[in-house]
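Student: Sending over a structure as structure tokens; questions will come in a sec.
Read-outs: derived from the displayed coordinates by stated rules, not from any lab. Every value quoted in this text rests on a predicted model; they were computed, and no experiment measured them. In this analysis, Cβ positions are derived from the backbone assuming ideal geometry, glycine residues included, and neighbour counts consider all displayed protein chains.
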Amino acid sequence: MACKRREWRVLSLVAPGLNLDPNGENFPLSVKPEKKLSVKDVLAMFRDYYQGTPYDMTRDLVSKNREGEYTKSPVANPFMSSATRNLLGISRERTIACSRATYVQVTQSRSWLPDAIGGVVWLGYDNPCTTPHLPFYCGITAMPESYMVDGRKEFSRDCAWWAFRRVSQLSYMRYQDMSKDVGEVWSKIEDNLFAGQEDFEKHMLEQLERNEKKAKAELTRYCIDNAEQAVEDYWQLGDQLWGKYTNYF
């Protein structure tokens with residue numbers, strides 16, 4: 001069911017009226033969404049781990065608080081290791097969001113705009129649930145230096161991926177609390193970028209008509225600056241998580 005469940009979930013999110021069977025064997029090759037989808041909508045699908053369904057692996061992980069109320073345990077985590085799942089007797093579900101993800105990208109293509117700004121890749125490193133997705137336009141001429149470093153073989157502060165990876169891995173230790181702290185950071189980054197996208201692209205359209213070379217240089221600087229700031233924010237966030245939750249590891 002690993003792949004089939006994910007098919008069911010995505011198709012059900014975009015066309016819930018179809019009432020697809022989560023245990024079905026065969027699903028439509030494609031469906032018509034019941035509403036137009038934005039980049040944010042698609043990213044939300046990549047961040048899905050069956051929240052609000054019987055297939056959410058955290059649904060039964062509850063504990064009693066000081067008031068005697070049963071609430072979801074602060075360590076309930078949809079990205080548990082196999083050792084943790086076996087210890088707790090939790091059946092594995094292959095969720096859409098994945099702790100082993102190296103990156104996730106959503107490509108936005110607009111034929112009515114010049115190629116330099118009409119195509120933009122929203123790229124996020126590591127688990128999409130814990131990372132912001134940043135815009136990289138087709139017209140850029142360079143990537144941030146830290147994005148050009150492959151650090152998957154060993155930890156490196158020169159590698160952008162590790163800034164996001166470290167935060168993701170830390171958050172799994174006390175996910176119900178830490179994910180809120182992490183979510184405040186990535187959502188602010190993304191929301192600001194989406195909110196400013198239209199005005200920025202209008203500006204760049206004017207610049208491209210005036211001087212394409214200078215426009216591409218400005219476009220490149222915009223993408224690099226946003227990415228480098230996000231990387232810096234995440235190195236700081238990782239340090240903050242260590243300090244705030246040091247007594248809970």
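Student: Taking the Cα centre of segment 141-249 as origin and charging only Cβ (+1 Lys, Arg; -1 Asp, Glu), how large is the dipole, in debye to the nearest 20?
Tutor: 380 debye
Student: Here is a further query. Determine, for each peptide in 200-209, 128-137, the mean count of other beta carbons within 10 angstrom over its residues, then list the peptides with the highest first. If you can, show how the numbers build up before the last one.
Tutor: Details: 200-209: 15.7, 128-137: 25.3.
Descending packing order for the listed peptides: 128-137, 200-209.
Student: Mind listing the long-range amide H neighbours of LEU134? Cut-off is under 5 Å, sequence gap 5 or more, other chains count too, H placed in the peptide plane at 1.01 Å from N.
Tutor: The answer is LEU123, GLY124.
Student: In nm, give the distance between the simple-model label positions of ASN247 and VAL149, each being 7 Å from the Cα along the Cα-to-Cβ direction.
Tutor: So the two model labels end up 3.5 nm from each other.
Student: To the nearest 20 Debye, how big is the dipole of the chain about its Cα centre, given +1 on the beta carbon of each Lys and Arg and -1 on that of each Asp and Glu?
Tutor: Dipole size: approximately 740 debye.
Student: Using modelled backbone amide H atoms (1.01 Å from N, in-plane), which distant-in-sequence or interchain residues come within less than 5 Å of TYR103's amide H?
Tutor: ASP126
Student: Based on the Cα atoms of the chain, what semi-axes does the equivalent ellipsoid have, where each is the square root of 5 times one gyration tensor eigenvalue, given in whole Å with the largest first? Before the final figure, lay out each step's value.
Tutor: Values: eigenvalues 240, 126, 46 Å².
For the chain, the ellipsoid semi-axes come out as 35, 25, 15 Å.
Student: While we're here: For LYS36 and CYS3, calculate 0.36 nm times their separation in residues minus their Cα-Cα distance, and state this gained length in nm to one decimal.
Tutor: 9.4 nm
Student: Among VAL106, PRO135, ILE96, whose Cα sits farthest toward the positive end of the charge dipole of segment 92-152 (+1 at Cβ of Lys/Arg, -1 at Cβ of Asp/Glu, about the Cα centre)?
Tutor: Result: ILE96.
Student: Here's a follow-up. Could you tell me what a quarter of the Cα convex hull surface of segment 103-244 works out to, in nm² with one decimal place?
Tutor: With every direction weighted equally, the projected area is 8.5 nm².
Student: Turning to a different aspect of this structure: When the Karplus curve 6.51 cos²θ - 1.76 cosθ + 1.60 is applied with θ = phi - 60°, which whole-Hz ³J(HN,Hα) does each residue of segment 104-119 get, with x for Gly and Pro?
Tutor: My calculation for segment 104-119 gives 9, 9, 10, 9, 10, 10, 10, 5, 7, 10, x, 3, 4, 10, x, x Hz in order.
Student: May I ask you to list the lysines whose Cα is less than 20 Å away from that of LYS180, ignoring any residue fewer than eight positions away on the same chain?
Tutor: Cross-link targets: LYS40, LYS72, LYS188, LYS244.
Student: Quick check: net charge around VAL149, other residues with Cβ under 14 Å of its Cβ, Lys/Arg +1 and Asp/Glu -1?
Tutor: -1
Student: Only sites in a loop by DSSP and with at most 14 other Cβ atoms within 10 Å count here; which GluC sites (Glu not before Pro) in segment 109-185 make the cut?
Tutor: Answer by residue number: GLU154.
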